[in-house]
Every structure is written in C-alpha cells, then in structure tokens.
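Q: A single structure is presented below for examination.
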Amino acid sequence: MDELEYWLAFSSIKGIGAVRFRRLLAYFGELSRAWQASQADLLAAGLTEHMAAAIIEKRETLEVGSLQTELAEKGIQVLTWNDLAYPRYLKEIDQPPPVLYYRGNILPEDDLAIAIVGTRSVTAYGRQLTKDTAAYLASNGVTVVSGLARGVDAIAHQTALEADGRTLAVLGSGVDIIYPPEHRKLAEQIIQHGALISDYPPGTKPDAINFPPRNRIISGLSRGTVVIEAGEKSGALITAKFSADQGRDVFAVPGSVLSPMSRGTNNLLAAGAIPLTSPAVILENLNLPKLTGLPKADEPDLDAEEARVLSALGADTLHIDDLCQKMDASIEKLTAQLTLMELKGLVVRVKGMEYAAIQSWKID
C-alpha cells in the first residue's frame, strides 16, 4: 500500500501534529510500521497512553486503502513534508504541518507571497487600503495569502482575483467545508486562480479553536504579513505575532488614534512593525523585484476646490469644524464638497464628522 495512505491516516487523528509525526518517523522509520505498532511500541516512540489508544481505536475503523480515492473524488490534493512541491517558506517554519490538503493549484511562483490580514469589521479607510495593497501586489506577480474571513480577508482575495493575480486561502476547517458560507462563490474563484489550503482533514468543521493555529500557516506561506486594520484583540494580531516569530517582516497600516479598528495596527507600529505608507514599501523592504509592473493608474481629475480640501487635510484626520476654520469655508458648502469627494474615493470619513484624505498610492 502507498505510504501516503498512512500519512493521511495519522493526519485524520486529532492530536497527531508535527511533533508526534516526527516522533513516529524517528522511531519506526515509516508510518506504515507505526500504524501497525503495538501500544507498547507506540509508548516507546514517545506517545502518551491517550494518543496510543486513539491510534489503535482509529485503525480498527478506518479503511486506510480508500483514503486517496476519497480525496480524489472530492477534488482534494495532498502534499507532505516529503514532496518537492511542498511550499518552500512554510517548510522553513518551526514544526510545519506534516500534511497539507488543498483544492486548486499550489505553484512555484507562490513562493513569492505576502499575507494580507485584518479585521472583519473593516472601515471605508481599511477597505480602500486593502484594495490598493492587494491590487499592487497581485499586479506585480506577488501571490496574496489570507484566511477567507469576512472583511479584510475577503477583500484581499477578491481584489487579487480582479487584478488577474493569484491568491491562497488558508481555512480553519477542511477544504471541503467553506466558512463563512456566503464566501462559497469566492472560494470557487480562488480554486481556479490559486488554492484553498488546510492542514485539517476533509470533513473538519470550522471551530473557534481551529483559527489561531491556521494563522501560523498564513504567515508561514508568506514572505511577510500586512495588517490593514485590527482591533486590540483581533485575530490578525495573532498572524502578525506568528510572522515575527518566524523571522518574517510585519507591516502595519497607520490609522487614526480615535478609531478602534486601528488600535491593533498602531500598537504593532509602536512595537516595531514597518509602517505601510505605500504598497511599494513591501517590495522595497523585502528586496523583491517588480516582476510585471503595474499599468499607470488612472488619476482622478481634481478641480480647484478638491485640491484645496486635500491640501488642507494633508496627512491629518480633521473634524469638519476644524477643516472649515482652516479653509475659511462654510460648513454647508464643505459638507457637500466632502460628500462628492467620498464618492470619488478622494477622502474617507474616519469617525463621525472627521475626514482623512485617501493617499494616491503609486509605483515609484
């Protein structure tokens, strides 16, 4: 029987992760031998009594020889540590997943990948910056990695696809179970231009405890992690910590000190993350070549009043009263002007009646 069947068999047992895979391989040489081992030998290999009992119980009910066939019927492929196609940067992290399940294709060019993560409760500011960053990366041949969650994740995936780029989604469930369910259409698009990836076996339902561990795969696949917006307890901060622990760069978008969705990113900046003031910063800091180059973006035609507003805002976030005073303009006229500029994507209302200019991010 194919040795891969036994990798799949052990992968299907909850609690058998990278550490225990290594112990079994070190002691038995092959997982096929470990699968047939006695409880005494499993204990001698360094497993606990509980795990040894779980293996013995599983092998009494599991039809090992049918596992690959069942995966193929579902369109699911597998990579293990032993495969040359196993993602290069993921393999470099401490205790990489022994088995990766995926739908779609994982290609060599996906070694050039950046993770984009952030809050599910994304603001207009965060939405715009997520789109700008994902479009820039995808158009420069960089694969965008994220977690298929609501908010920043979904925007990053969708924008990469719209830019004809590649994107990888790492799930906290089996790759045959899409969560959240409203992202099924997006997931199908990702399969066509990237891959859905998980180290959880097919049939695994999404569970809160599954998501923090999957974040280390998001960061592990990537050369660096970009955090767009994140609250103080956002899961995106877990991804950022994994990225730093793995020796990868962490980029954070500065935000208003008044915005709850920027507290996490501003804290990252205080802790030493690289300020993301332009998507070009990513390629510059990682010394990555611009592989394709972007077509020149269409620049909005600014009339004199729009130019005055942007000049007055500068890089600040201002309340409309302060902006009125700075520009010596009436609140009625300025409110109408700002509404039109929001529709054109020139400014964003950050909180209440506070406004900020959306910087035009261009390639050098």
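The values are calculated or read from the model by the stated rules, or taken from the named source; none is laboratory data. None of these values were measured; they are calculated from a predicted model. A quick note on method: Cβ atoms are made from the backbone with ideal geometry, for glycine too, and the neighbour counts reach across all protein chains shown.
Q: Please verify whether GLY203 is in a loop (DSSP other than H, G, I, E, B), at pLDDT below 95, within 29 Å of GLU284 (Cα to Cα) and in the same structural domain as ALA124 (by TED's automatic domain parsing), treating the condition exactly as stated.
A: No.
Q: Surrounded by fewer than 17 Cβ atoms within 10 Å (Cβ to Cβ), of a type in the set (Ser, Thr, Tyr) and either touching an Asp or Glu at 6+ places or on another chain (Cβ under 8 Å) or modelled with pLDDT under 95 (or both), is that true of THR119?
A: Taking the combined requirement at face value, the residue does not satisfy it.
Q: To continue, here is another question. Would you mention how many residues in the stretch 329-359 are of a type in the set (Asp, Glu), at pLDDT 80 or above and surrounded by 12 or more Cβ atoms within 10 Å (Cβ to Cβ)?
A: Final tally of qualifying residues: 1.
Q: Please work out which residue is nearest to the chain's Cα centre (by Cα), limiting yourself to the stretch 63-77 and to residues that are surrounded by 16 or more Cβ atoms within 10 Å (Cβ to Cβ) and of a type in the set (A, V, I, L, M).
A: ILE76
Q: Right, another one. Just to verify a result, which residue in the stretch 15-61, among those that are touching a residue at least 40 places away in the same chain (Cβ under 8 Å), farther than 21 Å from ASP94 by Cβ and not small (Gly, Ala, Ser), is surrounded by the most Cβ atoms within 10 Å (Cβ to Cβ)?
A: Of everything passing the filter in the stretch 15-61, ILE55 is surrounded by the most Cβ atoms within 10 Å (Cβ to Cβ).
Q: Also: I need every pair where a residue in the stretch 161-188 that is part of a helix (DSSP H, G or I) has its Cβ under 6 Å from the Cβ of a residue that is of a type in the set (Val, Ile, Thr) and surrounded by 13 or more Cβ atoms within 10 Å (Cβ to Cβ), sequence separation at least 6 or different chains.
A: Close Cβ pairs satisfying both conditions: ARG184/ILE178; ALA187/ILE178.
Q: A further question on this structure: Can you run down the residue pairs with Cβ atoms below 6 Å, 6 or more apart or on separate chains, where the first is in the stretch 237-248 and closer than 23 Å to PRO260 by Cα and the partner is surrounded by fewer than 22 Cβ atoms within 10 Å (Cβ to Cβ)?
A: As it stands, the answer is ILE238/PRO212, since those pairs meet every condition given.
One line per residue, one yes/no per condition, for (1) farther than 27 Å from ASP41 by Cβ; (2) in contact with a helix residue (DSSP H, G or I) (Cβ under 7 Å, 6 or more places away or on another chain); (3) of a type in the set (Phe, Trp, Tyr); (4) modelled with pLDDT of 90 or more:
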position	(1), (2), (3), (4)
VAL64	no, yes, no, no
THR69	yes, no, no, yes
LYS74	yes, no, no, yes
GLN77	yes, no, no, yes
THR80	no, yes, no, yes
ILE93	yes, yes, no, yes
PRO96	no, yes, no, yes
ARG103	yes, yes, no, yes
ILE114	yes, yes, no, yes
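Q: Condition first: assigned to a strand (DSSP E or B), in the same structural domain as ALA163 (by TED's automatic domain parsing) and touching a Pro at 6+ places or on another chain (Cβ under 9 Å). Now tell me which residues in the stretch 80-133 satisfy that.
A: Selection gives ALA113 alone.
Q: Take LYS91 and decide whether it is closer than 20 Å to SER173 by Cα and of a type outside the set (Phe, Trp, Tyr).
A: Criteria not met by LYS91.
Q: So which pairs qualify, if the first residue must be in the stretch 316-340 and on the phi > 0 side of the Ramachandran plot, the second must be in a helix (DSSP H, G or I) and surrounded by 14 or more Cβ atoms within 10 Å (Cβ to Cβ), the Cβ gap must be under 8 Å, and the two must be at least 6 apart or on different chains?
A: Within 8 Å, no pair qualifies.
Q: OK, next. Hey, LEU148 hits all of (1) under 17 Å from LEU168 (Cβ atoms); (2) in the same structural domain as GLY203 (by TED's automatic domain parsing); (3) outside any loop (DSSP other than H, G, I, E, B); (4) not small (Gly, Ala, Ser) but one; which does it fall short on?
A: It is condition (3) that LEU148 fails.
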